[in-house]
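> First, the structure itself, so that you have it in front of you.
Values quoted throughout were computed directly from the atomic coordinates according to the rules given, and no laboratory measurement underlies them. No experiment lies behind these values; they were computed from the predicted model shown. Every residue, glycine as well, gets a Cβ built from its backbone with ideal geometry; the counts of neighbours run over all protein chains shown.
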C-alpha cells in the first residue's frame, strides 16, 4: 500500500519536451520522410509540416528542455517539499539527471514518480539518453526486470484502479481532488511556442516545477495525507 512508503525515498518528476528543431524545413530529407510516416495516422488532414509542432511528443523527433524534480524532507512533525530543475542543453540536462539518480536514488528502496510517467516521462528520458550516448541509470534501465521490480510509481495508473480504458489529465485530477491547479500560465500545448518563438525558458521551468508539485500533491491525496501548504514548498 502506498501509505506505507517512505516519502523521502521517492523522487517526483516531470519533463517538458519540444521538437528537435524549430522548423520542419530544418530536418534532413530522410527525417522529413520518417516524420511523415510516423505521424501519418495522427495528423488527419494536416500535412507533415503542419503537424510538426507536436513532434516533441515522440523521443525520436523531440528533445527534453527541462526536467523538474521534487523530494520530501521530513524532520519530526515538520515536512518540506524541495524542488529544483535541470534545463538548458539537453545533453547537460540528461547528464545532470543521471548523476542525481546514480548518486542519491540508486538504492532498492528508491522510487521515481510521475503522472503518466510509465507511458511518457520514464521511457522518453531513457530513449533520449540512448540517442545522446548517455548511460541509462539503474532506475530507468528496465531490461530483464519483472513487473514488480520496476521502481516506478505513476499517479495516473494509481488513479485508474485497474481501469485501463480511462485517461485522466493532471489538470483534471488536481481539480477533482481539490488541489491548486498547476496550469495557471501555460499548458503543454504552448511549450513549443514559448520555447522557440518567445525564448522564455524560465516560464517553462516554472510550469514544469508546478507540475512536479502537483504530482506530489496527488500522491499525498491518494495516501490520505494532507496536501502541502505554500510554506512547505521550497524552490532550490
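> For the chain, modelled as a Gaussian network with Cα springs under 10 Å, which listed residue fluctuates most, 67, 204, 91?
Evaluated over the chain, the most mobile residue of the options is 91.
> Classify region 1-114: rounded, prolate or oblate, from the alpha-carbon gyration tensor (a ≥ b ≥ c, eigenvalue square roots; a/c under 1.5 rounded; otherwise prolate if a/b is larger than b/c)?
Taking the square roots of the gyration eigenvalues as a ≥ b ≥ c, region 1-114 is prolate.
> With angles folded into 0 to 90 degrees, how steeply does helix 121-131 sit against the dominant principal axis of the chain? Use alpha carbons for both and round to 10.
It works out to around 50 degrees.
> With springs only between Cα atoms under 10 Å, which of 26, 209, 60 fluctuates most in a Gaussian network model of the chain?
Residue with maximal mean-square fluctuation among 26, 209, 60: 26.
> Further question on the same structure: Consider the candidate values [x] 136; [y] 120; [z] 148; state which one is volume of the Cα convex hull per residue in Å³ computed from the structure displayed.
Only one option fits the structure, namely [z].
> In percent, how large is the relative contact order of region 103-215, given Cα pairs closer than 8 Å and 6 or more residues apart?
Once normalised by length, the contact order is 26 percent.
> Of the residues 143, 61, 219, which exhibits the maximal mean-square fluctuation in a Gaussian network model of the chain defined by a 10 Å Cα contact cut-off?
Of the options given, 143 has the highest mean-square fluctuation.
> Using helices alone, I'd like the mean residue ellipticity at 222 nm for the chain: each DSSP H run of four-plus residues gives -39500 (n - 2.57), total over residue count, nearest 500.
Calculated from helices alone, the mean residue ellipticity at 222 nm is -9500 deg cm²/dmol.
> Could I ask something else about it? Using a/c under 1.5 as the rounded threshold, could you call region 56-181 rounded, prolate or oblate? The axes a ≥ b ≥ c are square roots of the C-alpha gyration tensor eigenvalues, and prolate needs a/b larger than b/c, oblate otherwise. Each step should come with its number before you reach the end.
Numbers: a/c = 1.39, a/b = 1.19, b/c = 1.16.
Cα axes put region 56-181 in the rounded bin.
> In whole angstrom, note down how far apart the Cα centers of region 172-223 and region 70-147 are.
The two parts, judged by their Cα centres, are 18 Å apart.
> Can I ask one more? Over the Cα atoms of region 141-236, what Rg and Dmax result, in angstrom?
15.8, 44
> When DSSP assigns beta bridges and you keep just the ones with both residues in the chain, what percent turn out antiparallel, to the nearest 5? Please report the intermediate quantities before stating the final value.
Numbers: 18 of 27 bridges.
Around 65 percent antiparallel, to the nearest 5.
> State, as an integer percentage, the relative contact order of the chain based on alpha-carbon contacts under 8 Å between residues 6 or more apart.
26
> Let me ask you something else. Fewest first, what order do 16, 232, 149 take by the number of other Cβ atoms within 10 Å?
149, 232, 16
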